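Colleague: So that we are looking at the same thing, I have put the structure below in C-alpha cells.
Every number here is computed from the coordinates shown, using simple stated rules; none is lab data. What you are looking at is a predicted structure, and each value in this text was computed from that prediction instead of being measured. Cβ sites come from the backbone with ideal geometry, for glycine too, and all protein chains shown count toward neighbours.
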Amino acid sequence: MCYLLCDDFIIIPVSFFFVFRVQSAGTALEELLVSAKKQDYLTVGVYESAKIMNVDPDNVAFCVLATDEEYECDIALQIHFTLIQAFCFDNDINVVRVNDIERLADLVGTEEAGEPKDAHCILVTSPGAESWKDPALDKLHLFCEESRSVYDWLPTITLPER
C-alpha cells in the first residue's frame with residue numbers, strides 16, 4: 001500500500017493501481033486526443049467549447065483545461081475556467097487540467113492560417129445517439145473517478161514528452 005501525503009499532513013492510502021493510473025493518464029489523454037481528432041470529435045477553444053456546452057451538453061464526453069505560467073494571472077481566462085468546471089461538474093462531465101499548453105496545441109493541430117489553436121479548453125464530443133467508445137476515454141474516466149475518491153476534483157495530467 002502506498003500513501004499520499006497532503007499539504008495538511010494527512011496521510012491518505014492510495015492503491016498501487018491509482019499510482020499507475022497517474023503515470024499512464026498522460027498517455028491515455030494523448031491517445032484520446034489523437035483518436036478524437038481523427039474522427040472530428042474535438043472542439044478546441046474556450047469560446048467554441050462554451051458554445052457547444054450551451055447548445056448540446058449531452059454530447060460532451062470529456063473536458064481538458066490547459067494553462068501555463070504565462071496565463072496563470074489572466075483573470076478572464078480563470079473566470080472562464082471556473083464557469084466551465086462548474087458546468088462540467090453539474091453535468092457529470094469529467095474534467096482534467098494540463099500544464100503544458102504548447103504540447104497540447106501540438107496534439108490538436110493548427111488553424112488554416114498556420115496559427116496555433118486556442119488550446120486552453122478542449123472538449124471531446126460524442127455526437128449521435130450512441131456514445132463514442134474509446135479505451136483511452138474509459139481509462140481517463142476511471143482516473144478521474146479515482147482522483148475524486150481522494151478529493152482531487154480537478155486532477156492535473158502531465159502529457160508524455162516526445
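Colleague: Mind ranking 150-156, 69-75 by how tightly packed they are, going by the mean number of other C-beta atoms within 10 angstrom, highest first? The partial results should precede the final answer.
Modeller: Details: 150-156: 13.6, 69-75: 9.7.
Highest-to-lowest ranking by the protection proxy: 150-156, 69-75.
Colleague: Now, a different point. I need the shape label for the range 43-162. Rule: rounded when a/c is under 1.5, else prolate if a/b > b/c, else oblate, with a, b, c from the alpha carbon gyration tensor.
Modeller: Details: a/c = 1.30, a/b = 1.17, b/c = 1.12.
Verdict is rounded for the range 43-162.
Colleague: Same structure again: Enumerate the amide H contacts of Arg97 below 5 Å, restricted to partners 5 or more residues apart or on another chain; note that Pro and chain-start residues carry no placed amide H.
Modeller: Leu65, Thr156, Ile157
Colleague: Can you give the FRET efficiency for Val150 and Ile52, using 1/(1 + (r/R0)^6), R0 = 25 Å, r = Cβ-Cβ distance, to the nearest 0.05?
Modeller: Values: r = 30 Å, r/R0 = 1.20.
That pair, Val150 with Ile52, gives E of 0.25.
Colleague: Could you check the simple spin-label distance between Ser24 and Glu72, using points 7 Å along Cα→Cβ, in nm with one decimal?
Modeller: 3.1
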